[in-house]
Amino acid sequence: GNSVTQMEGPVTLSEEAFLTINCTYTATGYPSLFWYVQYPGEGLQLLLKATKADDKGSNKGFEATYRKETTSFHLEKGSVQVSDSAVYFCALRSDGSSNTGKLIFGQGTTLQVKP
Amino acid sequence: NAGVTQTPKFQVLKTGQSMTLQCAQDMNHNSMYWYRQDPGMGLRLIYYSASEGTTDKGEVPNGYNVSRLNKREFSLRLESAAPSQTSVYFCAITTTGRYGYTFGSGTRLTVV
């Protein structure tokens, strides 16, 4: 079945450091890939997405490229801020023949950025 | 989390009590979902409704029931709460195509 695997956290960085959170997936067909962010005490917000191979999603300085050859969708940011501290979820949506649109999540990676 | 409203935001239940979590949307999307979030396990799908009048089981449906009351509303019911159901519950919506989901702000449920 479809699945998403993220690097384990927590990830602790100093402000202005470079961020990478690894995400790999297993899926049949051509899934859409997403990164969601969850700030403390809040729901999940869509951060960025990519719907086909080699697409790059970007938002708020974050980027991720859909790599079909390595089945990966790693999240990167060149210079993190304290306000980026949150939990980040990688997810895929593979409608397949059922067209139910179910979203499958990785386990989440906690990012803590220190001043 | 505009467009998806969950109630209540917090709830404490005793083992064996029942309750219904409510979810309402104003985005006219067909598909609605209930997830639970537990530490280290990401989000797991409990039930979903691909369209008004249909519901289906997700990954962890045991102990729950759902009702798709109309296109706007999708409720989750715990008939006899157990401590294992202590979790944060999220409702989400989407539409057909390669789109993401819009999530509600969640219900934090504690069963003692």
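The values are calculated or read from the model by the stated rules, or taken from the named source; none is laboratory data. Values in this document were obtained by computation on a predicted structure and should not be read as measured data. Backbone-built Cβ (ideal geometry, glycine too); neighbour counts: all protein chains shown. Just the protein is used for accessible areas: all its heavy atoms, side chains included, with ligands, DNA and RNA removed. Shrake-Rupley method; radii C 1.70, N 1.55, O 1.52, S 1.80 Å.
Given a Förster distance of 41 angstrom, what is the FRET efficiency for A:LEU13 paired with B:THR95, based on the Cβ-Cβ distance and rounded to 0.05? Calculated value: 0.70. Check the straight Cα-Cα distances from A:LYS102 and name the aspartates and glutamates below 13 Å, setting aside those fewer than 8 residues away within the same chain. Straight-line reach from A:LYS102, under 13 Å: B:ASP56, B:GLU59.
Please work out the ratio of the alpha-carbon Rg of chain A to 2.2 N^0.38 Å and round it to two decimals. Working shown, then result.
Details: Rg = 13.9 Å, N = 115, 2.2 N^0.38 = 13.4 Å.
Ratio of Cα Rg to 2.2 N^0.38 Å: 1.04.
Computed from the C-alpha gyration tensor, the three semi-axes of the ellipsoid equivalent to the protein assembly as shown are 29, 21, 15 Å, from longest to shortest. Taking label positions 7 Å along the Cα-Cβ direction at both B:GLU73 and A:THR5, the computed distance is 4.4 nm, reported to one decimal.
Residue by residue along B:33-41, Cβ atoms of other protein chains within 10 Å of the local Cβ number 3 on average. Summing charges over neighbours of B:ILE93, with a neighbour being any other residue whose Cβ is under 14 Å away from its Cβ, gives +2 when K and R count +1 and D and E count -1.
Sorting A:PHE34, A:PHE18 by accessible area (1.4 Å probe), largest first, what list results? Kindly include the intermediate steps, with their values, before the conclusion.
Numbers: A:PHE34 0, A:PHE18 115 Å².
Ranked list, largest accessible area first: A:PHE18, A:PHE34.
On full extension, the segment bounded by B:SER18 and B:SER51 gains 9.3 nm, given 0.36 nm per residue less the C-alpha separation.
Peptide packing for A:106-114, B:13-21 was compared via the average number of neighbouring C-beta atoms within 10 Å per residue; ordered from the highest value, the list is A:106-114, B:13-21. Scaled against 2.2 N^0.38 Å for its residue count N, the alpha carbon radius of gyration of the range B:1-76 is 1.11. Label positions at B:ARG108 and A:GLU42, each projected 7 Å from the Cα along the C-beta direction, are separated by 1.6 nm.
Counting, for every residue in B:79-92, the Cβ atoms of other protein chains within 10 Å of its Cβ and taking the mean gives 1. The listed residues A:ASP55, B:ASP38 rank as A:ASP55, B:ASP38 when sorted by accessible area, largest first, using a 1.4 Å probe. Take each residue in A:49-60, count the other chain C-beta atoms within 10 Å of its C-beta, and the mean is 1.
Placing +1 on the Cβ of every Lys and Arg and -1 on the Cβ of every Asp and Glu, with no other charges, gives the range A:52-115 a dipole of roughly 100 debye about its Cα centre.
Relative to the Cα centre, the charge distribution of chain B, modelled as +1 at Lys and Arg Cβ and -1 at Asp and Glu Cβ, gives a dipole magnitude of about 120 debye.
If DNA, RNA and ligands are ignored and the probe is 1.4 Å, what is the ranking of A:GLU69, A:GLU76 by accessible area, most exposed first?
Working: A:GLU69 135, A:GLU76 75 Å².
Output order, biggest surface exposure first: A:GLU69, A:GLU76.
Find how much the distance from A:ASN22 to A:LYS68 grows on full extension, using 0.36 nm per residue of separation minus their present alpha carbon separation; answer in nm with one decimal.
My answer for the length gained is 15.1 nm.
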